[in-house]
Amino acid sequence: MRFTSIRRVAGLVLAILVVAQAGLGYAQAQKTIRIALTGPIVTLDPANYRNRNTESVIRNMFDGLYTVLPDGRTVPEIAEDVTRIDDNTWEFTIREGITFHNGEALTADDVAWTFNRIVKEGAMEGQTSPRKGLMASLQEVTVVDDYTVRFHFAAPESRLSVVTAAVFMQIMPKDYFESVGVDGFIAAPVGAGPFKFVEGNYSERIVLEKYEDYWGGAPDMAGEAGPARLDRVVFEIIPDPASRLAALRAGDVDIMQGVLADQIPVIESTPGVELKTGPGTNLFFFGFNTELAPFDDPEVRRAMAYAIDYDLLVEAVYGGRADSLYGLPISANSEVQDPSLEPFHYDPELAKQMLADAGVSNLTFTIDTIGDNLLLAEAISQMLQEIGVDAQVRTWEAGALLEAVGTGSRQASVHSWGNASGDPQWPLWPVEPGYSYWHDDTFLDIMNTASNIVDNDERQAAFRRAYEIVVDQVPYVTLLVPQTVEAARSNVLNFEPHPGGRVNMHRVDLATP
Amino acid sequence: MSLEFLLRRLVQLLVLIFVIAVTVFVLMRLTPGDPVALMMGQDQGVTQADIQRKREALGLEDPLLVQLGRFMSGLVTGDLGRSLVIDKTVRALLIERFPATLELTIVAMLLSFIVGLPVGVIAAVRHNSVLDRAIMGVNFLGLSMPSFWQGIMLILLFSVTLGWLPSFGRTTYGFEPAHVTGLLVLDSLLTRDWAALRDTLGHLILPAITAGTAYSAVVARVVRSSMLEILRQDYIRTGISKGLPYRRVVRVHALRNALIPMVTVAGLEAGSLLSGSVVLETVFAWPGLGRLLVDAIYARDYALVQSTVVVLCAMFVALSFLVDLIYSFIDPRIRW
């Protein structure tokens with residue numbers, strides 16, 4: 001026996017390595033881009049998800065009436081325009097000459113059917129679409145003629161709300177869906193987007209190929225209109241951030257989503273790989289249960305807002321790749337924001353004084369959060385220590401924390417809140433009863449009525465008033481919005497991260513070596 | 001092997017599955033967190049009414065006993081239900097994920113035995129020598145090295161730095177063999193797709209080494225200790241004193257008997273690997289059962305968790321039954 005077996009084993013392993021290496025010396029098919037997604041997708045039915053990875057795949061196969069560009073602008077896509085008929089009714093005109101991947105023309109029938117399937121109770125094969133909540137008060141869509149539809153809302157809606165609803169759903173082919181059924185459709189989805197479905201497995205890999213007869217895409221989108229430049233898009237599901245980065249560095253994928261702050265220096269020093277950053281939409285906040293002492297006292301909450309070093313959070317936790325909110329519900333640069341509204345700033349002495357004035361001493365509490373937000377919560381805990389507050393951080397599994405906050409049993413927590421549409425009302429939602437347990441009649445009145453103000457200026461003015469109340473009463477302390485950070489190999493052209501975190505391959509290209 | 005034994009095991013299996021099904025059903029309901037609230041996320045436009053509507057549609061508002069009854073009757077009829085989160089049936093998801101886990105299990109087990117057996121035998125034959133100590137030292141390292149760290153290091157060395165092996169997944173896009181069994185190496189062989197065979201083998205190497213390292217250390221330790229015991233037995237001494245070559249004594253008389261405890265080791269290893277390793281599957285983006293189950297637990301996907309746990313337990317019990325069968329086959333002294 002002796003060493004012969006070891007030698008044989010070593011020989012076998014070596015042989016396998018050599019064979020395997022030989023197998024990888026292949027030429028990639030022309031213009032195939034491989035994108036590392038952060039997790040599995042859940043469906044290929046555009047009406048049945050609320051999940052970012054799923055959106056990335058679906059939005060490359062399906063186009064919507066309107067779309068949001070990487071710079072955050074909302075622009076027409078399949079729709080040519082939208083006009084107001086009355087406060088509750090808006091009319092969309094649809095571009096002619098658009099075809100689905102099966103060659104059928106996209107008409108008003110498809111648009112009306114698509115939206116009615118999600119806004120009507122039980123219209124999604126007996127269930128109600130999880131996207132219904134994104135549709136404002138939309139009740140029904142009716143066909144006016146082949147290329148005109150009317151959106152009928154239950155309440156008056158502003159242009160922003162109408163267009164935002166239009167962004168959140170992509171058009172599906174009515175006839176095809178009705179002939180194959182939902183199971184047939186998710187097995188072989190057909191849309192009117194730049195890529196058509198080839199094959200895929202939700203948890204491993206999804207392959208799309210160029211739709212040669214694509215209508216061209218949103219006129220306002222950067223780059224040349226027309227069919228996609230890429231022949232194939234391959235989504236690879238790689239849940240672990242370290243493995244995603246390794247795959248990018250090894251050249252096994254071309255775009256990596258979900259870059260962590262501590263990976264940024266590695267990416268910046270890797271030749272052939274570039275960091276891609278853009279604005280984000282996820283609002284992070286330090287929340288309180290305002291019914292529980294001592295956070296029932298606005299002065300204590302205000303002290304918390306002055307105890308936080310906002311710039312340091314951005315630097316230390318996000319490596320500078322985040323935009324600080326300084327306690328304002330929306331970025332000070334936003335056109336909605338009232339420039340006279342004074343942001344909070346870091347002033348530990350003032351914070352200490354405020355606590356003393358409120359008669360609070362030796363304050364001790366627990367900040368509850370999930371593992372992903374641990375660094376942020378720990379940084380806040382450190383900052384609070386400087387004003388003599390002992391705040392311990394406790395991490396929870398997401399589902400358990402969501403429930404605990406919902407029952408009002410948690411004193412303070414660090415959370416995030418999605419706001420992909422940029423509508424000024426959404427950053428205020430965490431303040432609603434159920435999170436902050438804060439009741440202010442004027443504020444609630446605005447929240448219940450302002451979203452249905454049709455005139456945009458009036459609507460913004462109403463929300464501005466709500467912001468003022470929030471900044472005065474501090475039911476939560478808004479911290480920052482992390483930027484969308486992704487990375488791509490240098491030969492990827494025309495790729496910008498999208499604020500909503502999805503990837504859009506409409507006009508992306510690969511440089512030929 | 002008596003019929004009575006078979007029947008007894010079958011009844012045990014059914015009772016066990018029933019107990020596990022009820023336990024996992026109850027435990028999932030006791031875990032805080034609501035699948036629908038998690039599904040909808042903390043995002044704009046999600047109202048309590050939306051959540052309520054979805055809960056009703058998914059049958060989560062029905063009395064618990066009704067839900068349990070639905071689950072149990074589904075198990076009896078073989079209908080495992082539909083995932084609450086992923087737009088697929090539980091059966092489809094299990095069929096999709098299981099081959100990946102099975103393939104990795106087979107290769108990792110092969111690797112752990114190919115490495116562990118000879119190493120253990122050498123260590124036993126050279127008991128207390130420098131070689132024995134060195135082997136046991138490396139062995140200890142193999143046992144104690146965290147697999148996520150080992151996995152990432154292997155990727156960094158062989159994929160990122162050397163560029164020899166792929167960094168993730170089961171195949172390279174464009175090299176997938178035609179689907180026959182879902183076991184890609186077998187599928188490549190069946191379809192005589194040699195490029196796919198090379199590619200799938202290449203993808204298996206790093207995960208299999210990572211999964212197999214700890215087990216090869218276990219195999220080596222067990223072989224070593226059982227060999228040491230057997231080499232001291234009278235019949236070995238008799239063989240040697242009768243003039244049989246030492247190698248032959250070791251190979252034929254000692255090793256054969258030392259292999260019997262290996263069946264137990266193999267059974268345990270198979271059971272543990274088949275239920276999927278979350279760490280391994282995460283590091284190598286390997287689409288197996290481990291991640292499916294853990295993701296389902298995080299999402300409170302009751303239907304998927306319940307059925308997957310029941311299927312995994314049934315598999316584990318079946319394996320232990322198989323181990324018993326093999327025992328009675330290889331060791332004539334054992335009779336059931």
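The values are calculated or read from the model by the stated rules, or taken from the named source; none is laboratory data. From a predicted model like this one, the values you see are computed outputs, not experimental measurements. Positions of Cβ are generated from backbone atoms using ideal geometry, with glycine treated the same way; all protein chains shown enter the neighbour counts.
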Could you tell me whether any residue of the stretch B:240-256 is within 14 Å of chain A (Cβ to nearest Cβ), among the hydrophobic types (A, V, I, L, M, F, W, C) and touching a Ser or Thr at 6+ places or on another chain (Cβ under 8 Å)? no
Number of the condition not met by B:Ala124 [criteria: (1) surrounded by fewer than 15 Cβ atoms within 10 Å (Cβ to Cβ); (2) in a helix (DSSP H, G or I)]: (1)
Checked B:Arg82, B:Arg70, B:Arg133, B:Arg126 against criteria (basic (Lys, Arg) and touching a residue at least 24 places away in the same chain (Cβ under 8 Å)); the one match is B:Arg82
Of the conditions (1) surrounded by 17 or more Cβ atoms within 10 Å (Cβ to Cβ); (2) away from chain A (no Cβ under 13 Å); (3) β-branched (Val, Ile, Thr), the single one that B:Thr77 does not satisfy is (1)
If I ask for residues that are more than 14 Å from chain B (Cβ to nearest Cβ), crowded, with 16+ Cβ neighbours inside 10 Å and more than 17 Å from A:Val111 (Cβ to Cβ), which ones from the stretch A:169-187 would you list? A:Val180
If you go through the stretch A:207-252, how many residues are under 17 Å from A:Asn494 (Cα atoms) and either at the interface with chain B (Cβ under 9 Å from one of its Cβ atoms) or in contact (Cβ under 8 Å) with a residue 60 or more places away in the chain (or both)? 14
Could you check the stretch B:130-238 for helices (runs of 4 or more DSSP H) lying wholly inside it with 3 or more residues that are among the polar types (S, T, N, Q) and out of contact with any Asp or Glu (no Cβ under 8 Å at 6 or more places or on another chain)? B:194-231
How many residues are within 10 Å of A:His415 (Cα to Cα) and of a type in the set (Val, Ile, Thr) if we restrict to the stretch A:355-376? 2
Lone unmet requirement of (1) within 29 Å of B:Trp149 (Cα to Cα); (2) in contact (Cβ under 8 Å) with a residue 12 or more places away in the chain for B:Tyr173: (2)
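Residues are listed down the side, and each one gets a yes or a no for (1) closer than 30 Å to A:Leu374 by Cα; (2) at pLDDT 95 or above:
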site: A:Val167; (1), (2): no, no
site: A:Ser179; (1), (2): no, yes
site: A:Pro189; (1), (2): no, yes
site: A:Phe197; (1), (2): no, yes
site: A:Val253; (1), (2): yes, yes
site: A:Gln257; (1), (2): yes, no
site: A:Ile264; (1), (2): yes, no
Criterion first (in a helix (DSSP H, G or I) and exposed (fewer than 15 other Cβ atoms within 10 Å of the Cβ)) does B:Glu56 satisfy it? yes
Just to be sure I understand the filter: pairs with C-beta atoms under 8 Å, separated by 6 or more residues or on different chains, first member in the stretch A:125-148 and within 11 Å of chain B (Cβ to nearest Cβ) and assigned to a strand (DSSP E or B), second member exposed (fewer than 14 other Cβ atoms within 10 Å of the Cβ) and acidic (Asp, Glu). Which pairs pass? none
Residue by residue through the stretch A:296-325, note down the ones that are among the acidic types (Asp, Glu) and part of a loop (DSSP other than H, G, I, E, B). A:Asp296, A:Asp297, A:Asp309
Counting only residues that are crowded, with 21+ Cβ neighbours inside 10 Å and charged (D, E, K, R), which one in the stretch B:292-317 is farthest from the other protein chains (Cβ to nearest Cβ)? B:Asp301
Taking the stated definitions as given, is A:Arg465 among the basic types (Lys, Arg), part of a helix (DSSP H, G or I) and more than 10 Å from every other protein chain (Cβ to nearest Cβ)? yes
Restricting the stretch A:480-500 to residues that are at pLDDT 90 or above and part of a loop (DSSP other than H, G, I, E, B), which is surrounded by the most Cβ atoms within 10 Å (Cβ to Cβ)? A:Pro497
Would you be able to say whether some residue in the stretch B:92-100 is closer than 28 Å to A:Arg232 by Cα, surrounded by 18 or more Cβ atoms within 10 Å (Cβ to Cβ) and small (Gly, Ala, Ser)? yes
So, A:Pro194, is that one more than 14 Å from chain B (Cβ to nearest Cβ), surrounded by fewer than 24 Cβ atoms within 10 Å (Cβ to Cβ) and over 25 Å from B:Glu281 (Cβ atoms) or not? no
When residues of the stretch B:14-30 are limited to those that are touching a residue at least 60 places away in the same chain (Cβ under 8 Å) and surrounded by fewer than 16 Cβ atoms within 10 Å (Cβ to Cβ), the one nearest to B:Asp324 (Cα to Cα): B:Leu16
Go through the stretch A:122-138 and report how many residues are modelled with pLDDT of 90 or more and more than 25 Å from the chain's Cα centre (by Cα). 0
List the helices (runs of 4 or more DSSP H) inside the stretch A:334-416, counting only whole elements, that have at least 3 residues being within 22 Å of A:Glu299 (Cα to Cα), within 28 Å of the chain's Cα centre (by Cα) and not charged (D, E, K, R). A:374-385
Do we find that A:Asp109 is at pLDDT 90 or above, crowded, with 20+ Cβ neighbours inside 10 Å, charged (D, E, K, R) and in contact with a helix residue (DSSP H, G or I) (Cβ under 7 Å, 6 or more places away or on another chain) in this structure? no
If a residue must be assigned to a helix (DSSP H, G or I), acidic (Asp, Glu) and within 17 Å of A:Val162 (Cβ to Cβ), how many such residues does the stretch A:436-462 contain? 2
Pull out all pairs, ordered by first then second residue, where Cβ-Cβ is under 7 Å, the residues are six or more apart or on different chains, the first lies in the stretch A:176-189 and is closer than 19 Å to A:Asn201 by Cα, and the second is of a type in the set (Ser, Thr, Tyr) and surrounded by 12 or more Cβ atoms within 10 Å (Cβ to Cβ). A:Ile186/A:Thr43
Residue selected from the stretch A:373-410 under the condition of a type in the set (Gly, Ala, Ser) and out of contact with any helix residue (DSSP H, G or I) (no Cβ under 8 Å at 6 or more places or on another chain), by the criterion nearest to the other protein chains (Cβ to nearest Cβ): A:Ala400
Name the residues in the stretch B:146-200 that are in contact with a helix residue (DSSP H, G or I) (Cβ under 7 Å, 6 or more places away or on another chain), away from chain A (no Cβ under 11 Å) and surrounded by 14 or more Cβ atoms within 10 Å (Cβ to Cβ), would you? B:Ser147, B:Gln150, B:Pro177, B:Leu183, B:Leu184, B:Val185, B:Leu189
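Yes or no, residue by residue, for (1) out of contact with any strand residue (DSSP E or B) (no Cβ under 6 Å at 6 or more places or on another chain); (2) closer than 30 Å to B:Ala214 by Cβ; (3) outside any helix (DSSP H, G or I); (4) not hydroxyl-bearing (Ser, Thr, Tyr):
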site: B:Glu4; (1), (2), (3), (4): yes, no, no, yes
site: B:Val15; (1), (2), (3), (4): yes, no, no, yes
site: B:Ala49; (1), (2), (3), (4): yes, no, no, yes
site: B:Leu65; (1), (2), (3), (4): yes, no, no, yes
site: B:Phe71; (1), (2), (3), (4): yes, no, no, yes
site: B:Val85; (1), (2), (3), (4): yes, no, yes, yes
site: B:Ile95; (1), (2), (3), (4): yes, yes, no, yes
site: B:Phe98; (1), (2), (3), (4): yes, yes, no, yes
site: B:Phe113; (1), (2), (3), (4): yes, yes, no, yes
